[in-house]
Amino acid sequence: MQRWVGRLLFAAAALFPLLVNNPFCMAASPVLRPVAPLPASLNWSLPLRSKRCYLPYCALTRAVRYLKVHWDQFANRRFITIIDYTQPSTSKRLFLIDLAKGNVTRLLVSHGKNSGKLYATRFSNRPDSFETPKGFFVTGAEYYGPHGPSMVLYGLQKGINDNSYYRKIVMHGAYYVSTKAIELNLHLHGMARLGLSEGCPAIPMQSAETVIDKIKDGSLLYMYTGAVARCARR
């Protein structure tokens, strides 16, 4: 374990869960599948220096370090998801990193309606704030809710995002997360931007089922806001 985690950290530094079906009626703790090691053959050459990637070095480094230190909290170690909330909502600012294949998938993702319009500038752990939380999360179970395929998120940082489960902050699909929504907002409101959620990181409806199926049940999700200590490259 330590060997491959060390290799991942080096590569990052070098490159940058309705009763029965409703997880909110269950205990407020993630139910993780049994821990299984990653495949022996891994592609560590993550294409994160690509000009089409735009993932901050600091965001990736902090995510990898958190995974290393809190290894036992994550059962699904194949994927890391980073949402870079320093970017505008018109940018594909969700980065789904497949550690087994060494590739990155980028998606549009929303923020809360009280976090800002084009940019998310305010973040909260308070109930009914309609602001997006920040920090490190572990993904929970997939369920089918009002927005279709959805996934519970458990905040891992006390006082920062630990109310997320009770706030029902989940990942779900939404039709207001699309290029058409951006164009519509430009036409109606004079600002090209995505629609706004009640705090959830909503993703394109057509991608929700596929993405959630990959990252559910115990993977790391990091909502990066840029307001962190300086990350020195090593």
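Pairs, please: C-beta under 6 Å, at least 6 apart or cross-chain, first residue more than 18 Å from residue 79 (Cβ to Cβ) and in segment 119-145, second of a type in the set (S, T, N, Q) and assigned to a strand (DSSP E or B)?
From segment 119-145, the pairs are 120/132; 123/132; 143/150.
Of the residues in segment 99-118, how many are under 18 Å from residue 79 (Cα atoms) and assigned to a loop (DSSP other than H, G, I, E, B)?
Counting residues in segment 99-118 that are under 18 Å from residue 79 (Cα atoms) and assigned to a loop (DSSP other than H, G, I, E, B) gives 6.
Taking the options 203, 212, 160, name whichever one is out of contact with any Ser or Thr (no Cβ under 9 Å at 6 or more places or on another chain) and among the β-branched types (Val, Ile, Thr).
160
Can you give me the number of residues within segment 197-210 that are part of a helix (DSSP H, G or I) and buried (at least 22 other Cβ atoms within 10 Å of the Cβ)?
Within segment 197-210, residues that are part of a helix (DSSP H, G or I) and buried (at least 22 other Cβ atoms within 10 Å of the Cβ) number 1.
If I go through segment 158-196 residue by residue, how many of them are touching a Gly at 6+ places or on another chain (Cβ under 6 Å) and buried (at least 23 other Cβ atoms within 10 Å of the Cβ)?
Counting residues in segment 158-196 that are touching a Gly at 6+ places or on another chain (Cβ under 6 Å) and buried (at least 23 other Cβ atoms within 10 Å of the Cβ) gives 3.
Looking at (1) more than 23 Å from residue 80 (Cβ to Cβ); (2) surrounded by fewer than 22 Cβ atoms within 10 Å (Cβ to Cβ), which is the only condition residue 141 fails?
All conditions are met except number (1).
Can you tell me which residues in segment 115-153 are over 11 Å from residue 171 (Cα atoms) and under 12 Å from the mean Cα position of the chain (by Cα)?
The answer is 132, 133, 134, 135, 136, 137, 138.
Could you check residue 221 against (1) in contact with a Leu (Cβ under 8 Å, 6 or more places away or on another chain); (2) part of a loop (DSSP other than H, G, I, E, B) and say which number it fails?
(2)
Check every one of the strands (runs of 3 or more DSSP E) wholly within segment 125-180 and list those with 3 or more residues that are among the small types (Gly, Ala, Ser).
Once the strands (runs of 3 or more DSSP E) in segment 125-180 are filtered for at least 3 residues that are among the small types (Gly, Ala, Ser), what remains is 135-145, 148-155.
Got at least one residue in segment 77-91 being under 18 Å from residue 209 (Cα atoms) and surrounded by fewer than 20 Cβ atoms within 10 Å (Cβ to Cβ)?
yes
Read-outs throughout are calculated quantities, based only on the coordinates presented, and are distinct from any laboratory measurement. These numbers come from a predicted model, not from an experiment. All Cβ positions, glycine included, derive from the backbone under ideal geometry; neighbour counts span all protein chains shown.
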